[in-house]
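K.L.:
Have a look at this one before I ask anything.
The values are calculated or read from the model by the stated rules, or taken from the named source; none is laboratory data. Predicted, not measured: the structure shown is a model, and the values here were computed from it. Reconstructed Cβ throughout: ideal geometry from the backbone, glycine too, with neighbour counts over all protein chains shown. Just the protein is used for accessible areas: all its heavy atoms, side chains included, with ligands, DNA and RNA removed. Shrake-Rupley method; radii C 1.70, N 1.55, O 1.52, S 1.80 Å.
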Amino acid sequence: MTASIRTLLGATALCATGMAAAAETTLTIATVNNGDMIRMQGLAGDFTAKHPDIKLEWVTLEENVLRQRVTQDIATKGGQFDVMTIGTYEVPIWAKQDWLEPLDGLSDDYDAGDILPAIAGGLSIDGTLYAAPFYGESSMVMYRKDLMEKAGMEMPEAPTWDDIAKAAEAMTDVSAGIYGICLRGKAGWGENMAFLTAAANSFGARWFDMDWKPQFDTEQWKTTLTTYLDLMGKYGPPGASSNGFNENLALFQSGKCGMWIDATVAASFVTNPNDSTVADQVGFALAPDAGLGKRGNWLWAWTLGIPAGTDAPEAAKTFIEWATSKDYLALVAEKEGWANVPPGTRTSLYENPEYLEAAPFAEMTLKSMEAADPTNPTVDPVPYTGVQFVAIPEFQGIGTAVGQQFSAALAGQITADQALQNAQTLTEREMKRGGYIK
């Protein structure tokens, strides 16, 4: 064998080795343990059939744990994940720190221009998308129509907090195991504080004034927290300080909640007769207000982003295009019906007559999302953006610490006044440490 032939064969072997390596690209995907994400994993065979050179490994975590894991990994350049499930809070902050790969060069078929403007705006820097929305949501009231009828009441489409209190009282029947209202109590900036921050906006409260001074010592925050504690103390389920989205979803689906104010994405689950014992009795209304011009609803998207430094950015982008595409919505519709497609991301979905007919909650979802304004979230002006969060890096830690105080108040471990005082003190300390105030 001549040297030239040996060289050619060696090069061929190296090429084959490189092709084998490419054929074995593995994406590690960090995601949250909610119904839509679990469904995505179940349908991922469609992706791997189309892309046999890409294997998928899933790391599925509870919401608070997911946030801790992905934040630690991306901040330390740990490289554990190729695709991360992150939210509207993280995307712009991380993009500005060059922690995320830009999602430029998406295919024409993907049609990025179809993404709802309110959602796309929160995921973009200077017009460049840094994460793609898997689903978008606001929050709204989900209630038992049969219990309202039994009480001789009707839920207004745009209720006040007084309407909510009256309905919760009327629907509560502890002897039958039915509680008038279920709300998040589990501590976390994206758990109880998502609900409470959005509710606070409607009562005229703010996290900070225009000089970044914390505002937990105001009457507006006292009204917010005492209203919440009063509702849950009188009409809520026991052990509510441990309940987040998934726990309340299970309570509502099993008929134990007369009313639940939470993410609009839950609507497809509470109306699914395969999962919900009250599927045919669920009504929907806007999140409540207090007559001040702001409703207690949030704006959020769970998105898929690519951490900078991944060794498989193109494969990751290919997966994200599949999971957030129009074709994926059609796949879910084919397998599980239009009512179960991930909502709140694409304009075309809300123009689709099949979806509008199948999803009785579609119109209320869109109205709720349109009612939230991240750039003007409060009654009085604030120096921050974000409806149920404050878009600064420090908020993740501060929000969870405050959430722990409010959860302790719900559990009866401290008073509302103590919780607010503690929240004020710890937030002032962290804002001084961050250089926002002296």
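K.L.:
Could you state, as a whole-number percent, how many of the C-alpha pairs of the chain are farther apart than 39 Å?
P.N.:
Values: 21357 of 95703 pairs.
Counting pairs separated by more than 39 Å, the tail of P(r) holds 22 percent.
K.L.:
What is the distance, in nm, between label points placed 7 Å from the Cα along the Cα-to-Cβ direction at Lys234 and at Lys432?
P.N.:
3.9 nm
K.L.:
Quick check on the chain: helices-only [θ] at 222 nm, where DSSP H runs of length 4 and up contribute -39,500 (n - 2.57) each and the sum goes over total residues. Nearest 500, please.
P.N.:
So the helix-based figure for the chain works out to -13000 deg cm²/dmol.
K.L.:
Calculated FRET efficiency, Glu154 and Thr226, Cβ-Cβ r, R0 22 Å, to nearest 0.05? Could you put the intermediate results ahead of the total?
P.N.:
On the way: r = 27 Å, r/R0 = 1.23.
In this case the efficiency is close to 0.25.
K.L.:
Also, quick follow-up: By how many degrees, between 0 and 90 and to the nearest 10, does the Cα long axis of helix 395-410 differ from the longest principal axis of the chain?
P.N.:
Helix 395-410 sits roughly 40 degrees off the main axis of the chain.
K.L.:
A further question follows. Any chance you could get the radius of gyration and Dmax over the Cα atoms of region 202-261, in Å?
P.N.:
15.0, 46
K.L.:
Return an integer: the convex hull volume of the alpha-carbon atoms of region 63-217, in Å³ per residue. Present the calculation step by step, with values, prior to reporting the outcome.
P.N.:
Values: hull volume 31.3 nm³, N = 155.
Each residue corresponds to 202 Å³ of Cα convex hull volume.
K.L.:
Rounded, prolate or oblate: which one fits region 279-421, using the alpha carbon gyration tensor with axes a ≥ b ≥ c (rounded when a/c is under 1.5, else prolate when a/b beats b/c, else oblate)? Each step should come with its number before you reach the end.
P.N.:
Working: a/c = 2.05, a/b = 1.37, b/c = 1.49.
Because a/c hits 1.5 or more and a/b fails to exceed b/c, region 279-421 counts as oblate.
K.L.:
Separate question: Please work out the FRET efficiency for the pair His51 and Lys77, using the Cβ-Cβ distance as r and a Förster radius of 25 Å; give the result to the nearest 0.05. Provide the component values of the computation, followed by the final result.
P.N.:
Numbers: r = 27 Å, r/R0 = 1.07.
Approximately 0.40, to the nearest 0.05.
K.L.:
Along the positive direction of the dipole of the chain (beta-carbon charges: Lys, Arg +1; Asp, Glu -1; about the Cα centre), which of Ala419, Pro238, Met148 reaches farthest?
P.N.:
Toward the positive end, the furthest listed residue is Ala419.
K.L.:
Report the calculated FRET efficiency for Asp211 and Asp126 (r = Cβ-Cβ distance, R0 = 30 Å), to the nearest 0.05. Before the final figure, lay out each step's value.
P.N.:
Numbers: r = 28 Å, r/R0 = 0.94.
So, using R0 = 30 Å, E works out to roughly 0.60.
K.L.:
Taking 10 °C and 1.306 mPa s as the conditions, I'd like the Stokes-Einstein D for region 205-352 in µm²/s, using the Kirkwood hydrodynamic radius from alpha carbon pairs. Mind dumping the intermediate values first?
P.N.:
Details: Rh = 19.0 Å.
Diffusion coefficient, whole number: 83 µm²/s.
K.L.:
Mind checking the dipole of the chain: about its Cα centre, +1 per Lys or Arg Cβ, -1 per Asp or Glu Cβ, Debye to the nearest 20? Write down the numbers at each step before the final one.
P.N.:
Values: 30 positive and 55 negative charges, 234 e Å.
The calculated dipole for the chain is roughly 1120 debye.
K.L.:
Cut-off 12 Å, label point 7 angstrom out along Cα-to-Cβ of Leu106: give me the residues of region 344-384 whose amide nitrogen falls inside.
P.N.:
345-347
K.L.:
Give Lys77/Lys317; Lys166/Lys256; Lys96/Lys317; Lys213/Lys294; Lys166/Lys213 a once-over and call out the pairs whose C-alpha atoms are over 24 Å from each other.
P.N.:
Correct reply: Lys166/Lys213.
K.L.:
What is the spin-label model distance, in nm, from Gln97 to Ser254 if the labels are put 7 Å beyond Cα along the C-beta direction?
P.N.:
Each label point lies 7 Å from its Cα, and together they span 3.9 nm.
K.L.:
In addition: Gln68 to Thr425: extension gain in nm, 0.36 nm per residue of separation minus the Cα-Cα distance?
P.N.:
126.1 nm
K.L.:
Next up: Give me the accessible area per residue for the chain, probe 1.4 Å, as a whole number in Å².
P.N.:
On the way: 18070 Å² over 438 residues.
I get 41 Å² per residue for this part.
K.L.:
How large, in percent, is the carbon and sulfur part of the accessible surface of the chain at a probe radius of 1.4 Å? Walk me through the numbers on the way to the answer.
P.N.:
On the way: 9060 of 18070 Å².
Answer for the chain: carbon and sulfur cover 50 percent of the accessible area.
K.L.:
Specify whether the C-alpha gyration tensor of region 252-311 places it in the rounded, prolate or oblate class, a ≥ b ≥ c being the square roots of the eigenvalues: rounded for a/c under 1.5, otherwise prolate if a/b is larger than b/c and oblate if not. If you can, show how the numbers build up before the last one.
P.N.:
Numbers: a/c = 3.78, a/b = 1.33, b/c = 2.85.
Oblate.
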